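Read through the structure below, which is laid out as structure tokens, and then see the notes.
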Amino acid sequence: MTLVFTALVIWALGWAFNARLANGPHADTRAVRLAVPVIFGLTILVMWELIVRGMEVPGVILPPPSAIGATFMGNLPILWGDFTQTILKGGLSGFAIGACAAMLVAILVDKVAFLKRGLLPVGNFMAALPVVGIAPIFVMWFGFGWHSKAAVVVAMVFFPLLVNIVAGLQDTSAMQRDLMRTYGAGYWHTLFKLRLPSALPFIFNGLKIAITLSLVGAIVAEFFGSPTQGLGFRISASVGQLALDMVWSAILVAALAGSVLYGVLVIVEKGLTFWHPSQRQQ
Amino acid sequence: MMRNLVPVLTVIAAIFAIWYIACVPMNVREVLTQVEREGAVIVPPQAAERRDAGTWGLVFNNISHLGPSWSMERAKLPSPHQVATEIWDSTVTEEIYGRRGIMRSGTLSNRSLVYHGSVTLNATLLGFIIGTGAGILLAIGIVHSRTMDMSVMPWAIVSQTIPIIALAPMIIVVLYSIGLDRFLPEGLAGMIPKAVISAYLSFFPVLVGMVKGLRSPDAMQMDQMRTYNASKGAVLTKLRLPASVPYLFASLKVGIAASLVGAIVGELPVQRGGLGARMLAGTYYGQTAQIWAALIVAAALAAVLVFLVGRIERRTLRVMGVQT
């Protein structure tokens, strides 16, 4: 009981400290902006640990963070294998193929007005569907290996990317296009020098949606069949053994991979679209 | 709208044409095995040779034997009309003529897609309502408390970049092992674990959209509320909430689709009905038409839900006098 009580005290202290920081004079500095969420996260972790220990919650319902951390550190080689299988092989290769395919089709759709009017409504419709349901079919077609996962990811990321890229390619004003014409630029010149660069914010918007979808697709597809490796396999197999600390470790890997990949995209976007108003320093 | 009709129909027709054509190479091996058993002469006569032969070679060498490509039972790729038949059989026929259908027994048959679809739909809607409600409440808290904003908001944004759905099997199993059915009626106890995942997936889009929406009134409007000496509650109900409605609907459309995906994935670990359970059962028994039928019903369900939200959005915005 004392542990639970300590947890509540720590929660109150952390919150009070955060409140002081957030309403204090330095609230807008970078350090405070970073410190407040970190303190909040740490308080949650400490509370989780203390309450699980204090209430003696069984490990098959909720393991404490320390146990998860120990399992994570103790099984690094296994988790690394799962990471390469699911994220690098299944997720990222599918993401790359889907992105290239969407790019090519988007340029084609943009050039042919008939396709734009026909394919775009269908693409918008498809982007809202639970495409992940295609997973059992692809697993049946392409086998249990990473190829089927990559195929699911391609199907999932294609339409959201297509819709975003086509929207981006239309984001130039008549004045800008006229200027290109006065320079004597042809279609391809205008495409590469004007329209693709100005489509970049839209493209990155689509890529950011797609990278999360690609992890979801790669993991969920493994629930329908996989080799004895991969994050989705690890999660479903460990749930079956009630080894929840291992499940949480696999989720931790997925979460880390997701945030790192997203972070990489944000950095690349900052480098490439530094000219766009949304990237300017306030 | 009418201008787009011809191109859209062309694209849809093209999709069906590709689907029908793809049935030939996808099913060619099974088709050839079957017609050989019926006595036809196939070009590489040995099954072992056929295993090593290329798909297209098999197709062109045996072009006269490919009739059953579109009517194979357990085809690798069932043809569109087979899927349509499967949907019809497992909805209308099953319910009206089936022994366990609603006409004979008074309850929905557990072999029909109407039943499985309704199981998924209930979990989706319950989860969507919980997730949306929680998202709106937390957004109101975040807009009013700077501490909450700075502590919670970065985590909400980070959590959108991680595949939350990975939690689904664990949430399901843990909630079942806690034993909800001891103190809840059975239908609800089976629904809650899936609804939790649905709620979780729709929660974050709504939260992020609502925070943006509640902050959308500009300084001039806020100042005007101050000149009226409006309380915080009045500012919330009279200015912030109405201003957030367009943002809310934009995230509701994302949220309802995410809820449906959550419910379907949530049905995978525990085989107690629902479209996800139906898909997994289809993979176990090689019933491809059944998988496709469940998939198409799920897609139709998503389309209807998103359409309904869009409809309510247009109505609401028109009543509120927002320019659309």
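The values are calculated or read from the model by the stated rules, or taken from the named source; none is laboratory data. Treat the numbers as computed from the prediction; the structure is a model and nothing was measured. Glycine also receives a Cβ, built like all others from the backbone with ideal geometry; neighbour counts cover every protein chain displayed.
Suppose we filter region B:282-294 for residues that are surrounded by fewer than 21 Cβ atoms within 10 Å (Cβ to Cβ) and more than 10 Å from chain A (Cβ to nearest Cβ); how many remain?
Looking only at that region, the number is 2.
If you go through region B:4-27 and keep only what is closer than 21 Å to residue B:68 by Cα and in contact with a Pro (Cβ under 9 Å, 6 or more places away or on another chain), you end up with B:16, B:19, B:20, B:23, B:27.
I'd like to know if region A:3-16 contains one or more residues that are among the β-branched types (Val, Ile, Thr) and within 12 Å of chain B (Cβ to nearest Cβ).
No, because not a single residue in region A:3-16 is among the β-branched types (Val, Ile, Thr) and within 12 Å of chain B (Cβ to nearest Cβ).
Looking only at region A:53-61, decide whether some residue is free of Cβ contacts under 8 Å to residues at least 40 places away in the same chain, more than 14 Å from every other protein chain (Cβ to nearest Cβ) and of a type outside the set (Ser, Thr, Tyr).
Yes, the conditions are met somewhere in region A:53-61.
For region A:197-242, a residue qualifies if it is farther than 30 Å from residue A:170 by Cα, free of Cβ contacts under 8 Å to residues at least 60 places away in the same chain and assigned to a helix (DSSP H, G or I), and the qualifying residues are A:235, A:236, A:237, A:238, A:239, A:240.
The residue list B:265, B:297, B:304 contains one member that is within 8 Å of chain A (Cβ to nearest Cβ) and under 13 Å from the mean Cα position of the chain (by Cα), which is B:265. When the test is whether a residue is of a type in the set (Lys, Arg), more than 10 Å from every other protein chain (Cβ to nearest Cβ), assigned to a helix (DSSP H, G or I) and at negative phi, residue B:253 does not pass it. Between A:79, A:92, A:104, the distinction of being surrounded by fewer than 17 Cβ atoms within 10 Å (Cβ to Cβ), out of contact with any Phe, Trp or Tyr (no Cβ under 6 Å at 6 or more places or on another chain) and assigned by TED's automatic domain parsing to the domain that holds residue A:208 belongs to A:104 only. From the list A:235, A:209, the lone residue that is under 30 Å from residue A:138 (Cβ atoms), buried (at least 23 other Cβ atoms within 10 Å of the Cβ) and within 14 Å of chain B (Cβ to nearest Cβ) is A:235.
The requirement of being in a helix (DSSP H, G or I) and within 9 Å of another protein chain (Cβ to nearest Cβ) is not satisfied by residue B:277. For region A:241-254, the tally of residues that are crowded, with 20+ Cβ neighbours inside 10 Å and either on the phi > 0 side of the Ramachandran plot or among the aliphatic types (A, V, I, L, M) (or both) stands at 7. Checked against (1) surrounded by fewer than 22 Cβ atoms within 10 Å (Cβ to Cβ); (2) closer than 25 Å to residue B:93 by Cα; (3) at pLDDT 85 or above, residue B:120 passes all but condition (1).
Could you tell me whether residue A:116 is away from chain B (no Cβ under 14 Å) and among the basic types (Lys, Arg)? So residue A:116 does not fit the description; no.
Residue by residue, here is whether (1) more than 19 Å from residue B:131 (Cβ to Cβ); (2) surrounded by fewer than 17 Cβ atoms within 10 Å (Cβ to Cβ); (3) in contact with a Pro (Cβ under 6 Å, 6 or more places away or on another chain); (4) not small (Gly, Ala, Ser) holds:
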site	(1), (2), (3), (4)
B:211	no, no, no, yes
B:222	yes, yes, no, yes
B:231	yes, yes, no, no
B:235	yes, no, no, yes
B:255	no, no, yes, no
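Entry remark, region A:119-158: residues being part of a helix (DSSP H, G or I) and within 13 Å of chain B (Cβ to nearest Cβ) number 27 in total.
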